[in-house]
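Working notes, beginning with the structure itself.
The values are calculated or read from the model by the stated rules, or taken from the named source; none is laboratory data. Computed from a prediction, not measured in an experiment: that's the story for all the values here. Please note: Cβ atoms are built from the backbone with ideal geometry, for glycine as well, and neighbour counts cover all protein chains shown.
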Amino acid sequence: MEKRKNLYWTPCAAPCIDLMLEDFEKKLALHKDTIAKGRRLTTYIYSRTSLIFLLQQYTKGRDLVRSGYYLNPQIQYSPNFKVEYDVKKRLYDCLDILVVDPALIIIIDSQLEDFKNKAKFFSTDVVKNALKTKTPSQWWDSYGDEHPELQKFTIRVLSLTCSSSGCECNWSAFEMINF
């Protein structure tokens, strides 16, 4: 992070667990099918918004696979949402790193109040109903226009890869290319 000042990085246990599961899969034939089915199931569920809502309904709002995002309207506007200090702190750390202009940070911080309080366009039924049908990035793209600075920042943050393990296959492919 010292070399790349505008890169936001947080440590994640997911790659370590992923490597452990890969070892189980490769070295213990008994687990190979189970792990493959689990991966397919997880990918299937998390690529469909309606299934995420069913999962949250039957788990009483707990997300069993990955942590909720502060800027994700599906999570922020859920009745059980309670912000934790660490999550909020990391949001502002991310804001500080990804947005270089202090004046722009003030604007985004101000616009966050409307989002948190469901104010202005965020309070309409159309916007609330779309939580069930759109991904968080689609939702922000559709309804964040009244807050363009927050909209741009949020889409950028929600589009970040949450773990490096998902990119490993790309790096393997790039190793073969000579620049």
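Can we say Asp93 is at pLDDT 70 or above and more than 24 Å from Asp141 (Cα to Cα)?
Details: at pLDDT 70 or above: yes; more than 24 Å from Asp141 (Cα to Cα): no.
Taking the combined requirement at face value, the residue does not satisfy it.
Which one is nearest to Asp125 (Cα to Cα), of the residues in region 65-104 that are assigned to a loop (DSSP other than H, G, I, E, B) and among the basic types (Lys, Arg)?
Looking at residues that are assigned to a loop (DSSP other than H, G, I, E, B) and among the basic types (Lys, Arg), I get Lys82.
If you take the residues of region 45-90 that are among the aromatic types (Phe, Trp, Tyr) and surrounded by 13 or more Cβ atoms within 10 Å (Cβ to Cβ), which of them is modelled with the lowest pLDDT?
Tyr46
Please work out which one of (1) closer than 30 Å to Lys3 by Cα; (2) buried (at least 17 other Cβ atoms within 10 Å of the Cβ); (3) without any contact (Cβ under 8 Å) to a residue 40 or more places away in the chain is the condition Cys94 fails and give its number.
(3)
Is region 133-142 home to any residue that is part of a helix (DSSP H, G or I) and in contact with a Phe, Trp or Tyr (Cβ under 6 Å, 6 or more places away or on another chain)?
no
Looking only at region 31-42, decide whether some residue is part of a loop (DSSP other than H, G, I, E, B), surrounded by 10 or more Cβ atoms within 10 Å (Cβ to Cβ) and either in contact with a helix residue (DSSP H, G or I) (Cβ under 7 Å, 6 or more places away or on another chain) or at pLDDT below 75 (or both). If you could, list the steps in order and put the result at the bottom.
The first filter runs over region 31-42 and keeps only residues part of a loop (DSSP other than H, G, I, E, B), leaving none.
Scanning region 31-42, I find no residue that is part of a loop (DSSP other than H, G, I, E, B), surrounded by 10 or more Cβ atoms within 10 Å (Cβ to Cβ) and either in contact with a helix residue (DSSP H, G or I) (Cβ under 7 Å, 6 or more places away or on another chain) or at pLDDT below 75 (or both), so the answer is no.
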